[in-house]
1. Among the residues of region 28-62, how many are of a type in the set (A, V, I, L, M, F, W, C) and within 15 Å of the chain's Cα centre (by Cα)?
2. Do you know which of the residues in region 1-14 that are farther than 10 Å from VAL48 by Cβ, among the hydrophobic types (A, V, I, L, M, F, W, C) and assigned to a helix (DSSP H, G or I) is modelled with the lowest pLDDT?
3. Answer yes or no as to whether THR38 is in a helix (DSSP H, G or I), among the β-branched types (Val, Ile, Thr) and at pLDDT below 90.
4. Just for region 8-24: of the residues that are under 24 Å from TYR86 (Cβ atoms) and not β-branched (Val, Ile, Thr), which one is surrounded by the fewest Cβ atoms within 10 Å (Cβ to Cβ)?
5. Could you list all residues from region 25-35 that are in a helix (DSSP H, G or I) and either buried (at least 17 other Cβ atoms within 10 Å of the Cβ) or modelled with pLDDT under 90 (or both)?
Amino acid sequence: MNGTITDILALIGAAFVLLAGIGTLRFGDLYGRMHAATKATTLGFALVALAAASGLEHGRAKVLLVVVFVFITSPAVAHFVGRAAYRAEGVDIELEGPDDLHIIIDEHDKPGGQ
């Protein structure tokens, strides 16, 4: 890739990571912080990695494989952290709509539940 395009990708990726860090500090509840920490950071990491991969002659496939791995694992980790926080005591949950997860977890926690 062109050097200018690589620089732009790296700067945009770094801006996303910076905004994710600010969002993590500024958002008030766990779910907002988790959203900022996973979504924007993943996109920022991907852009920075693509910029880094453009300058490599060897190892470009490894960098792209790492990007794919992060895109697969980041949403899964966020899901598990969110579910653990939902089950944890002492975490304030303020929902504006119905709590559909409560029904699923209650069914799962019953003896013989799946």
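1. Count: 9.
2. ILE5
3. Against the criterion (in a helix (DSSP H, G or I), among the β-branched types (Val, Ile, Thr) and at pLDDT below 90), THR38 qualifies.
4. Taking the candidates together, the pick is GLY23.
5. LEU30, TYR31, GLY32, ARG33, MET34, HIS35, listed by residue number.
The values are calculated or read from the model by the stated rules, or taken from the named source; none is laboratory data. As the structure is a computational prediction, the values presented were derived from the model and not from experiment. Cβ atoms come from the backbone with ideal geometry, glycine included; neighbour counts cover every protein chain shown.
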